[in-house]
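Notes follow once the structure below has been shown.
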Amino acid sequence: SPAGMVLSVLVILLLSMLYEAVKMGKAVLLQRALLALPHSLSQESLLEPEEERASSPAEGRWFGYHMGQTLFHVVQVVLGYMVMLAVMSYNAWIFLGAIVGSTLGYFV
């Protein structure tokens, strides 16, 4: 039905926008994770025994950011495959909805 097609295109458009938002969120988390890394990774600090070295708060923040990136990656892969499967229906309106959603998501 026409109403079902409009709803399908709208859902694909929103999924494509969400995909772009997740992709951007993953990039922001990567930037924050890189800033949380210790500034000095000299050979001496790498060779120190683990029990002598105290775990710094920056390492905990880096791990949290890395876990966030992992979750964002899983969501991005799932959304990407869902949009791909919708596009593989070979419906021109669904395809245009995915393209417009991706464009709007990137723009926003």
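Read-outs throughout are calculated quantities, based only on the coordinates presented, and are distinct from any laboratory measurement. Bear in mind that the values here come from a model prediction, so they are computed numbers and not experimental data. Heads up, the Cβs are rebuilt from the backbone with ideal geometry, glycines too, and the neighbour counts pull from every protein chain shown.
The table below lists the values:
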read-out: Length released on extending from Ala27 to Thr70, taking residue separation times 0.36 nm less the Cα-Cα span; value: 14.3 nm
read-out: Label point distance in nm, Met84-Thr103, each placed 7 Å from Cα along Cα→Cβ; value: 2.3
read-out: Theoretical gain in end-to-end length, Leu10 to Leu35 [0.36 nm per residue, Cα-Cα removed]; value: 5.2 nm
